[in-house]
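The values are calculated or read from the model by the stated rules, or taken from the named source; none is laboratory data. Predicted, not measured: the structure shown is a model, and the values here were computed from it. Every residue, glycine among them, receives a Cβ derived from its backbone with ideal geometry; neighbour counts consider all protein chains shown.
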Amino acid sequence: MLVPFGQTRRAYLKQLAALAAAPLAGPLFAQTAEELFRRNIGSPDQFNKAFPPYKVIDNIYYVGSVSLASFLFVTPQGNILLNSCFEATVPVIRASVEKLGFQFTDIKILLGSHAHADHMQGDALVKKLTGAKVMCMAEDVPALMKITPGGKPHPLDKTLHDGDEVKLGGTTLTAHLTAGHTRGCTTWTTTAHEGRKAYDVVILGSMGVNPGYILVNNKDVPDIAGEYMRSFKLLRSLHCDVPLGSHPTMYNMVEKYARLGKGPNPFIDPEGYTHELDLEEHAFLEVLDKQRKAAGLS
């Protein structure tokens, strides 16, 4: 977990827990960065609460919890798992994989969205159970190495760079560096087929500005605001038919899941992708403006 400059880890965790437990104050169409954070992370009891596993589209399956997204990409040569989540979430993910009729041990590659504990803390346990190769964006490696549940060293088999492709059994996932939320925050893209059509899938790493993040005069990451801006520009340049994300609320999963099998695939939602970027960028700019004014820069 990236701890904002000037705070201890304990103080930051306490602050996040308090915010997560607080009720949302505003409507979804106009949220502050803190409200988006609470929307995404959910309540503590949702972290490891199972959500019914389901097929999103083609060979992409949801195997995560109520508030932490994990995706399984099934191929003839083994499977790819994106996001191990908390270590305590791994049994939930495993049960979901098996409910879908797949073997957990068939996972050959383990990827992540970004080096925060709620997305990649379970890497060591997944590797122990499956032998999967753990891969991570280079810029996130320092933060990832600090995620050591129970003192276990964090595994890393391959370091990735912006634009790298991860291939297995006819499936290709492309890693896009979308820094800001973490230095190596990664948005993944792939292509899925339904009927005779091909669809562009974008799995957002995260563009959230967590409580306590310093965007102005950040001594650890001086250009953090610039990183966010470049990432928003890149994300808007990607064509997206099927938006997904590291938290289910980032793509309105619950509402879409309820519509599965009742018409066209609800996860094909290009407008939803643009809407989420609008929400996240508006919140980011609001925080940036507030911090710039506080620093006497505008």
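Side notes on the structure shown:
- Any hit, region 41-51, residues being modelled with pLDDT of 95 or more, part of a strand (DSSP E or B) and crowded, with 21+ Cβ neighbours inside 10 Å: no
Here's the yes/no breakdown for (1) of a type in the set (A, V, I, L, M); (2) within 19 Å of Leu72 (Cα to Cα); (3) free of Cβ contacts under 8 Å to residues at least 24 places away in the same chain; (4) touching a Cys at 6+ places or on another chain (Cβ under 6 Å):
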{"residue": "Asp162", "(1), (2), (3), (4)": "no, no, no, no"}
{"residue": "Thr178", "(1), (2), (3), (4)": "no, no, no, yes"}
{"residue": "Thr187", "(1), (2), (3), (4)": "no, yes, no, no"}
{"residue": "Glu194", "(1), (2), (3), (4)": "no, yes, no, no"}
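- Listed by position, the helices (runs of 4 or more DSSP H) enclosed by region 223-298 that each have at least 3 residues that are among the acidic types (Asp, Glu), in contact (Cβ under 8 Å) with a residue 24 or more places away in the chain and within 27 Å of Ser65 (Cα to Cα) are 270-294.
- Residues that are more than 21 Å from Glu35 (Cβ to Cβ) and in contact with a helix residue (DSSP H, G or I) (Cβ under 7 Å, 6 or more places away or on another chain) within region 192-215 comprise just one, Val202.
- Single residue of Val209, Val202 found to be touching a strand residue (DSSP E or B) at 6+ places or on another chain (Cβ under 8 Å), touching a residue at least 24 places away in the same chain (Cβ under 8 Å) and of a type in the set (A, V, I, L, M): Val202
- Residues located in region 127-152, provided they are exposed (fewer than 15 other Cβ atoms within 10 Å of the Cβ), in contact with a His (Cβ under 9 Å, 6 or more places away or on another chain) and over 30 Å from Glu281 (Cβ atoms): Met145, Thr148
- Residue check for Pro155: of a type outside the set (A, V, I, L, M, F, W, C) and either loosely packed, with under 15 Cβ neighbours inside 10 Å or in a helix (DSSP H, G or I) (or both): no
- Top-ranked residue in region 238-283 [being among the hydroxyl-bearing types (Ser, Thr, Tyr) and crowded, with 18+ Cβ neighbours inside 10 Å; ranked as nearest to Ala198 (Cα to Cα)]: Tyr273
- Residues in region 138-149 that are in a helix (DSSP H, G or I) and either under 27 Å from Leu235 (Cβ atoms) or modelled with pLDDT under 95 (or both): Ala138, Glu139, Asp140, Val141, Pro142, Ala143, Leu144.
- For Thr89, the conditions (1) under 21 Å from Gly205 (Cα atoms); (2) buried (at least 22 other Cβ atoms within 10 Å of the Cβ); (3) in contact with a helix residue (DSSP H, G or I) (Cβ under 6 Å, 6 or more places away or on another chain) are fulfilled apart from (3).
- Residues in region 52-67 that are of a type outside the set (Ser, Thr, Tyr) and assigned to a strand (DSSP E or B) were compared, and the one that is farthest from Thr186 (Cα to Cα) is Lys55.
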